[in-house]
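Read through the structure below, which is laid out as structure tokens, and then see the notes.
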Amino acid sequence: MTILPDWLTDNNDCRELEAMLRNRSPESLETMAARSRAMTLRRFGRTMPLYAPLYLSNYCSSGCAYCGFASDRTTPRRKLDEEEIRREIAAMKQLGIQDILLLTGERTAAVGFEYLKRAVDIAAESMQRVTVEAFPMSVEEYRELAGSGCTGITIYQETYDLLQYEALHRWGPKKDYLYRLATPERALEGGIKTIGLGVLFGLSDPVTDALMLYRHARHLEKTYWRGGISISFPRLRPQTGGYEPTHPVDDHLLARIILAFRIAMPDVELVLSTREKPSFRDGMAGLAITRMSIASRTTVGGYLEGENSGEGQFEISDSRTAEEFCQALRSRRIEPVFKNWEPAYNGPSRNTLPCS
Amino acid sequence: MDHLQLAAHTFSSRLILGTGKFSSAAVMLEAVKASGAQLVTVALRRFNREQLEDDLFGPLSELPGITLMPNTSGASTAAEAIKAANISRELSGSPFIKVEIHPNPQHLMPDPIETMEAARVLASEGFLVMPYISPDPVLAKRLEEVGCASVMPLGSAIGSGQGLASAAMLSIIIRESSIPVIVDAGLRAPSEAARAMEMGCSAVLVNSAIAASDNPAEMAAAFRDSTDAGRRAFKAGLMRESREAVATSPLTSFLGEQS
């Protein structure tokens, strides 16, 4: 039987957050927006660091019921070879991208650690910042990845609801809830500087998931005090696999969750991807969000092929070009920032052992 | 003339501007001009030689009468800051380096131990080291000992707008320091810059309060004036606050007594 750690279930630290999430009055949303906007402006100013994802491969060994890349899907499998990675990166750089997120599915024989590390090496040759969203790794593997120039790891628990988690992750390594839960700690211990957390809204009760996500973030902040935290807010969109979310989250609730996180965690980076439509992205950019993806392709090889073929991991709702999106930010008096990192700061962060 | 002296460099302005957080490079440049600042800090991570539009270094280096002070924001260790300082000097040609080391990217508090180490190395390599520190009087003296050009204690946390929350510690640093003390971070209102200058700070560094304003150039001008006013007041000598009540029966009447 899986027993969740106390820090994930103890409610002492998050009563205000819970109150903000449970109150659904339009007035309270407006009040939260005003507060969040002021806090974001004060702490982060009028700039928006931008990044773009590169899907290296859609091979996967897991059976996530909601994912278009799950191993029982008929999606054609593909991985980029080194030459293709270089060409994709060159195409991304043409768009102005200097901050890249490399993605894979769960570890397979075709796409394992060595492949991923090589991809980080290649990306770090020309990108200013490289982060990874792939499979859970060991402390030693994370340390190697950091040495290659990977500064951040994104790893979503997807849902913190244990029963739902076990039902949705039908097979494969991802089925182990606690192993995945401990992944951010292994990454930080291995010297990765920033951890991206998130839940995939739509899989379970959003308020419960949001509260557990918050507790996870606070636990990491307190235990690994040097670690950077960022939080993303992916929401289940129509997937290639045709999965219908059991707990759909509408725009109002998603906005409320994001605003509540800004108020509860004033200094943490909040991220929004192109899963969301332009009006939502532009609106949240000025209110709470401090890092965004841009001009994204979610298919393997998508930057050279030029368009999303419908076989990506998820549907993109904001398909504006880099220039169009930057223009939208500028019209809201927000400066798009392509370089917000310096490779001189790459390498394993030392002293990331827990303080206890 | 009453100038800010940093090693062999003199500046008539005592307002230093941070250049991040602005809505565009153009708005930032307008604010720098309006502020009258002659010294501005720019993060190495915002030097962008590939993407012209978000690069801060290029436009600033073309502004006449401005000395650049690159900063190491983003570095979490002394080693990273030292590497960044060398790259910055190579790129900018400036002898100044604002050592900014925050191991935790959330609260951006400076690490005193790593800062001390970076300052020691960089000062010995000929940099004019301007360390961003917590308001710790002992650390300030230690940094002076290793040859820093100034110390830059925070007024309050970066971007907090809590003003001179550290005033009591700052006043000790100012009293004991033989090098310029520059309040860096936390100032929200021009009156707080004036107060810092009245306390005897040599200069103030402001970024968020100007960048986040609806009218950055106008706010920059307001900070220029208040910094100047505070300095003039300090030089003129503030009237002493009356802190002691006068006893109705004199406390020293015994002094003339015969036996």
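Structure notes:
- Residues located in region B:2-25, provided they are over 15 Å from the mean Cα position of the chain (by Cα) and among the charged types (D, E, K, R): B:Asp2, B:Lys21
- Count of residues meeting criterion [open to solvent by 30 Å² or more (accessible area, probe 1.4 Å) and either closer than 22 Å to B:Gly186 by Cβ or among the small types (Gly, Ala, Ser) (or both)] in region A:20-41: 6
- Residue list for region B:192-215, restricted to those being part of a helix (DSSP H, G or I) and either open to solvent by 30 Å² or more (accessible area, probe 1.4 Å) or away from chain A (no Cβ under 14 Å) (or both): B:Glu192, B:Ala193, B:Ala194, B:Arg195, B:Ala196, B:Met197, B:Glu198, B:Met199
- When the criteria are applied in full, B:Ala220 fails the requirement of being open to solvent by 20 Å² or more (accessible area, probe 1.4 Å), touching a helix residue (DSSP H, G or I) at 6+ places or on another chain (Cβ under 7 Å) and modelled with pLDDT of 95 or more.
- For region B:174-191, the count of residues that are within 14 Å of another protein chain (Cβ to nearest Cβ), within 19 Å of B:Val129 (Cβ to Cβ) and open to solvent by less than 20 Å² (accessible area, probe 1.4 Å) is at least one.
- Residues of region B:14-40 that are in a loop (DSSP other than H, G, I, E, B), farther than 16 Å from B:Met152 by Cβ and either at pLDDT 95 or above or more than 10 Å from chain A (Cβ to nearest Cβ) (or both): B:Gly36, B:Gln38.
- Residues in region A:73-103 that are farther than 12 Å from A:Val120 by Cα and of a type in the set (Val, Ile, Thr): A:Thr74, A:Thr75, A:Ile97.
- In the set (1) in a helix (DSSP H, G or I); (2) within 13 Å of chain B (Cβ to nearest Cβ); (3) modelled with pLDDT under 95, the condition left unmet by A:Ala217 is number (3).
- Screening region B:53-63 for residues that are more than 11 Å from chain A (Cβ to nearest Cβ) and part of a helix (DSSP H, G or I) and picking the one that is surrounded by the fewest Cβ atoms within 10 Å (Cβ to Cβ) gives B:Gly58.
- The set of residues in region A:192-214 that are among the charged types (D, E, K, R) and buried (at least 23 other Cβ atoms within 10 Å of the Cβ) comprises A:Lys193, A:Asp209.
- Subset of region B:85-120 [farther than 25 Å from B:Ser166 by Cα, away from chain A (no Cβ under 13 Å) and either part of a strand (DSSP E or B) or open to solvent by less than 30 Å² (accessible area, probe 1.4 Å) (or both)]: B:Ser94, B:Phe96
- Inspection of region A:6-18 finds a residue satisfying the criterion of being more than 14 Å from chain B (Cβ to nearest Cβ), more than 30 Å from A:Ala109 (Cα to Cα) and crowded, with 21+ Cβ neighbours inside 10 Å.
- Any hit, region B:184-191, residues being part of a helix (DSSP H, G or I) and at pLDDT 95 or above: yes
- Scope region A:224-245; condition more than 20 Å from A:Phe44 (Cβ to Cβ) and open to solvent by less than 30 Å² (accessible area, probe 1.4 Å); matching residues: A:Tyr224, A:Pro234, A:Arg235, A:Leu236, A:Gln239
- Matching residues, region A:75-128, being in contact (Cβ under 8 Å) with a residue 60 or more places away in the chain and among the small types (Gly, Ala, Ser): A:Ala91, A:Gly96, A:Ala119, A:Ala123, A:Ala124
- Options A:Leu145, A:Leu102, A:Leu116: the member that is within 22 Å of A:Ser232 (Cβ to Cβ), open to solvent by less than 10 Å² (accessible area, probe 1.4 Å) and assigned to a strand (DSSP E or B): A:Leu102
- Contacts under 6 angstrom Cβ, first residue in region B:224-240 being over 15 Å from B:Met1 (Cα atoms) and without any contact (Cβ under 8 Å) to a residue 12 or more places away in the chain, partner of a type in the set (S, T, N, Q) and not in a helix (DSSP H, G or I), 6 or more apart: none
- Qualifying residue in region B:143-161 (condition: open to solvent by 50 Å² or more (accessible area, probe 1.4 Å), in a loop (DSSP other than H, G, I, E, B), at pLDDT 95 or above and not aromatic (Phe, Trp, Tyr)): no
- Qualifying residue in region B:64-84 (condition: within 11 Å of chain A (Cβ to nearest Cβ), open to solvent by 20 Å² or more (accessible area, probe 1.4 Å), of a type in the set (D, E, K, R) and over 19 Å from the mean Cα position of the chain (by Cα)): yes
- Condition met for A:Leu103 (away from chain B (no Cβ under 14 Å) and in contact with a helix residue (DSSP H, G or I) (Cβ under 9 Å, 6 or more places away or on another chain)): no
- Matching option when the condition is assigned to a helix (DSSP H, G or I) and in contact with a Leu (Cβ under 8 Å, 6 or more places away or on another chain), among A:Met32, A:Met39, A:Met48: A:Met32
- Output for region A:246-267, where each listed residue is within 14 Å of chain B (Cβ to nearest Cβ), surrounded by fewer than 22 Cβ atoms within 10 Å (Cβ to Cβ) and not acidic (Asp, Glu): A:Ala264, A:Met265, A:Pro266
- Sole exception among (1) within 30 Å of A:Val120 (Cα to Cα); (2) of a type in the set (A, V, I, L, M); (3) touching a residue at least 60 places away in the same chain (Cβ under 8 Å) for A:Ile231, by number: (3)
- Any hit, region A:54-69, residues being part of a helix (DSSP H, G or I) and either modelled with pLDDT under 90 or over 29 Å from B:Gly161 (Cα atoms) (or both): no
The values are calculated or read from the model by the stated rules, or taken from the named source; none is laboratory data. Quick caveat: nothing in here was measured; it's all calculated off a predicted structure. Note that each Cβ is placed from the backbone with ideal geometry, even for glycine, and that neighbours are counted across all protein chains shown. Heavy atoms of the whole protein, side chains included, go into the accessibility calculation; ligands, DNA and RNA do not. Shrake-Rupley method; radii C 1.70, N 1.55, O 1.52, S 1.80 Å.
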